[in-house]
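This report refers to the structure that appears directly beneath it.
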Amino acid sequence: MTNDTVIKVENVSKKYCRELKHTMLYGIQDIAKNAIGLSSRSERLRDGEFWALDAVSFEVKKGETLGIIGANGSGKTTLLKLLNGIFMPDKGRIEISGKVGALIEVGAGFHPMLTGRENIYVNGAILGMSKKEIDKKFDDIVNFADIGDFIDSPVKHYSSGMYVRLGFAVAVHCEPDILLIDEVLAVGDEGFRRKCMSKLNEFKGAEKAIVLVSHSMELIQGFCNRAAWVDAGVIKDIGTSANVIDNYLRHVVDIRQTAEKRGRRWGNRDAEITDIRLFDSEGKEVEIIESGDKTLIAVQVRFKKNAENPIFGLLLRNSEGAWVYGTNTMWHDMKFGTFHAGEEVTVTFRQRMYLVADVYYVDPSIAYSDGITSYDWQENALRFSVTSSKRVVGISNLDSSISVQRKTTMQTR
Amino acid sequence: MDNIGHKTVYEPDRFIKMGSFASWKEMAISLFQSRELIWRLFVRDFSAKYRQSLLGILWALLNPIITVGIFVFLNRAGILNIGETSVPYPVFALIGLSIYGIFATGLSVCSNSIIGAGSMVVKINFPKISLVIASMGQSVVDFLVRLALVIILFIIYGIAPQWTFLIFPFTVLPLVLLTLGLGLILSLLAGVFRDVIHLVSFFTTLFLFMMPVLYPAPQAGIFAALNAWNPLAHLIIGCRDILISGRFSDPQSFLWASVFSVLMFLTSWRIFFLSEHRIAERV
């Protein structure tokens with residue numbers, strides 16, 4: 001362990017149990033063994049148990065920010081709870097140097113009946129702050145949370161945004177050396193997110209270590225210098241965030257055939273979407289494209305009944321479910337007359353993908369000419385990944401070209 | 001609390017590897033450092049409990065007043081023969097109930113304290129013993145309110161209080177420790193089996209009638225034999241003696257019951273400390 005390593009995780013494993021009955025039985029066994037000072041022999045799996053995390057190792061140094069990515073249930077939060085000391089490892093060893101602040105759930109420990117002011121003191125104490133420290137930081141916390149006169153109202157009257165802001169404000173003001181954050185920045189409005197990010201950047205500048213769990217590739221890429229990808233309890237990849245994200249996005253597309261869960265589908269199916277594919281500019285079917293690439297999305301439609309002027313549409317969503325882009329033939333003022341029963345058509349959408357690195361989902365749709373009633377609408381019918389060699393943040397890649405012109409030439413002697 | 005440069009290690013069987021002296025030391029340090037948190041949690045529970053209530057803390061009085069009222073009625077009506085008490089029966093019964101309340105209320109709030117704390121147990125790392133101790137504070141407050149009523153009754157009945165009133169806080173300490181000890185274990189068990197909560201309410205009601213709380217200690221019979229081996233009964237009798245007569249009627253029994261309570265608390269504290277992280281996994 002070098003001097004500036006603040007988190008050292010060595011071969012750490014944690015087991016879980018699926019069934020409630022076993023959980024209760026093992027819980028009592030473990031408590032009884034721990035209580036009389038016997039080893040709980042935690043390195044062995046009992047019936048019904050499995051490794052939720054298996055032989056995980058990594059280090060985090062001062063000033064580093066490590067992003068943790070992975071699918072739901074892959075073990076990200078478990079890892080964070082182990083780092084925080086809420087769970088004990090069943091195998092391996094974790095060494096932490098310095099004071100840890102964790103934001104695993106914002107506002108955990110808030111009492112709904114108490115006012116914001118009272119909750120700041122309670123929550124501060126839970127996070128290990130003394131009354132003196134809280135007194136000193138109280139105004140900063142209130143300013144940061146920006147809840148104004150609500151500070152003396154019970155928090156049960158708070159909006160969810162205010163709740164989150166107050167929770168975050170308390171947690172970041174307890175001055176940890178190591179900050180653990182679990183997907184909490186996804187909530188709150190844009191202004192607050194920006195405030196949080198600038199606070200986190202302040203931490204980063206102050207040589208503190210941050211471990212951040214997030215589903216937002218944009219956040220990880222923009223904020224973390226390193227990333228770890230956790231998959232089914234093991235670290236699949238760890239390294240610079242751009243590389244890890246790239247590998248992760250490729251993998252997410254790979255598992256499409258085996259594990260894809262198609263979204264909902266609705267409509268009367270009098271006209272049916274039978275296939276949807278993504279092609280690059282050379283006509284090759286692809287699943288991963290580079291930001292800015294020319295692409296073609298082909299949707300196959302079969303009509304079972306006659307249809308008058310149907311509308312063909314397309315909707316793109318990113319990994320967080322936000323609508324990125326949508327278009328349809330009605331907005332392009334396209335009329336087709338009548339399609340007859342039994343007819344098959346291919347609808348082709350051509351576009352440049354000015355998108356940022358992420359996973360995207362495509363919903364194709366066919367609607368009646370009223371634009372309201374659906375023949376067929378298929379959620380997540382197509383999934384593809386975008387990689388980006390040039391780093392950008394946000395939700396779109398406007399592909400700026402940048403020039404700087406000097407107006408006057410300074411003469412130096 | 002200065003944790004900078006402080007190194008924490010998490011590994012399986014950490015306390016076994018540490019050795020018992022080091023782990024007892026860590027227990028003591030952790031408890032000492034939690035004092036402010038315990039106080040905050042206590043204030044939180046206390047102020048939240050009565051925030052939306054008209055009678056507030058006076059609710060602590062209603063229950064014993066009704067119970068005492070029923071017993072006074074049963075006694076006067078001749079349905080129940082309580083026997084001779086050294087002070088008027090209402091005073092005697094209220095003192096008994098108030099002391100017993102430390103145990104009964106305490107056990108119920110302690111065993112509920114961890115599962116009632118919600119997501120913070122699973123989402124924040126903090127010494128969970130503070131939840132249990134803070135909730136025990138509630139039962140002490142309830143007791144103090146009832147004690148105030150006892151003093152009012154003393155004045156009404158013209159009973160002169162003994163000087164031993166002043167040492168009462170020390171005589172009640174073993175009872176508090178015994179309750180905390182049981183409460184710590186039950187709060188852990190309740191995290192795994194919710195049944196514990198129901199069992200606690202059943203047994204505290206049962207014990208109320210089995211033990212000499214509302215009646216003087218019987219001199220013979222099955223209850224006398226049972227109570228002879230019951231540390232809780234000795235602690236209740238001892239505390240009541242100090243308030244009423246100023247003298248222990250059975251100092252020896254009170255002494256062994258007190259020693260038992262202290263050992264019980266230390267054992268439970270140890271058990272709790274060694275296994276509290278298991279609770280976050282099971283709640």
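The values are calculated or read from the model by the stated rules, or taken from the named source; none is laboratory data. Values in this document were obtained by computation on a predicted structure and should not be read as measured data. Note that each Cβ is placed from the backbone with ideal geometry, even for glycine, and that neighbours are counted across all protein chains shown. Ligands, DNA and RNA are stripped out before the accessible areas are found, and what is left, the full protein with its side chains, is counted by its heavy atoms. Shrake-Rupley method; radii C 1.70, N 1.55, O 1.52, S 1.80 Å.
Some points to look at:
- Condition met for residue B:257 (open to solvent by less than 10 Å² (accessible area, probe 1.4 Å) and in contact with a Pro (Cβ under 8 Å, 6 or more places away or on another chain)): yes
- The helices (runs of 4 or more DSSP H) falling completely within the range B:209-283 that include 1 or more residues that are within 14 Å of chain A (Cβ to nearest Cβ) and within 18 Å of the chain's Cα centre (by Cα) map to B:251-282.
- Residue B:240 out of contact with any strand residue (DSSP E or B) (no Cβ under 6 Å at 6 or more places or on another chain) and crowded, with 21+ Cβ neighbours inside 10 Å: yes
- Just one of (1) modelled with pLDDT under 90; (2) surrounded by 21 or more Cβ atoms within 10 Å (Cβ to Cβ) fails for residue B:277. It is (2).
- For the range B:85-124, the tally of residues that are in a loop (DSSP other than H, G, I, E, B) and either within 14 Å of chain A (Cβ to nearest Cβ) or β-branched (Val, Ile, Thr) (or both) stands at 6.
- Criterion applied to B:86, B:98 was being of a type in the set (S, T, N, Q) and either at pLDDT 90 or above or closer than 28 Å to residue B:135 by Cα (or both), and the one residue passing it is B:98.
- Of all the criteria given as (1) open to solvent by 30 Å² or more (accessible area, probe 1.4 Å); (2) on the phi < 0 side of the Ramachandran plot, the one not satisfied by residue B:118 is (2).
- Just one of the listed residues (A:202, A:207, A:133) is farther than 18 Å from residue A:108 by Cα, part of a loop (DSSP other than H, G, I, E, B) and modelled with pLDDT of 85 or more, and it is A:207.
- Once the range B:35-84 is narrowed to residues that are surrounded by fewer than 16 Cβ atoms within 10 Å (Cβ to Cβ), of a type in the set (D, E, K, R) and without any contact (Cβ under 8 Å) to a residue 12 or more places away in the chain, the residue that is farthest from the other protein chains (Cβ to nearest Cβ) is B:76.
- When residue A:109 is tested against (1) over 20 Å from the mean Cα position of the chain (by Cα); (2) at pLDDT 90 or above, only condition (2) is not met.
- The condition of being under 30 Å from residue A:246 (Cβ atoms) and among the basic types (Lys, Arg) holds for only one of A:131, A:81, that being A:81.
- The range A:127-153, subset over 26 Å from residue B:49 (Cβ atoms) and among the charged types (D, E, K, R), residue farthest from the other protein chains (Cβ to nearest Cβ): A:146
- Taken across the range B:133-146, residues that are in contact (Cβ under 8 Å) with a residue 24 or more places away in the chain and among the charged types (D, E, K, R) do occur, with at least one present.
- Selection status of residue B:106, in contact (Cβ under 8 Å) with a residue 12 or more places away in the chain, surrounded by 23 or more Cβ atoms within 10 Å (Cβ to Cβ) and under 18 Å from the mean Cα position of the chain (by Cα): yes
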